[in-house]
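Only one structure is covered here, and it is reproduced in the block below.
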Amino acid sequence: MTTVHLTQRTKAALKNPNVSEEAKEHSRQAVEDLEQQPETQQTRQGYSDDKDETRVNAGFKATLKNPNVSEEAKEHARDVLEDKGAI
């Protein structure tokens, strides 16, 4: 399990009403420790980059199917996706 997943799970404990205050305080400290690790920051950045690329590609794919978009715009979207190997 990555440090990002551990951080997310620990943050979930903070919002859970069934978790004791003592456990929540322990979770707060664990989150602080995990978020300071370089590995966590690098993993988050990589995830963010991948997610952004996925959304950009999804926008171009939506352009291809949108009947209100010009053929020129569709051609451009198709070219971009082909260049990226996304279609």
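Tabulated values for the structure
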item: Environment charge at Thr10 (Cβ cut-off 11 Å; Lys +1, Arg +1, Asp -1, Glu -1); result: +2
item: Approximate spin-label separation Ala23-Lys61, in nm, with each point projected 7 Å along Cα-to-Cβ; result: 3.9 nm
item: Reachable lysines, given that their alpha-carbon falls under 21 Å from the alpha-carbon of Lys74 and they are not under 8 places away in the same chain; result: Lys61, Lys65, Lys84
item: In nm, spacing of pseudo-spin labels at Leu14 and Lys74 (7 Å Cα→C-beta vector); result: 4.8 nm
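Only the coordinates and a few stated rules stand behind these numbers; no lab work does. All figures in this text were calculated on a predicted structure; none of them were measured in a lab. Because the Cβ atoms are built from the backbone with ideal geometry, glycine has one as well, and the counts that use them run over all protein chains shown.
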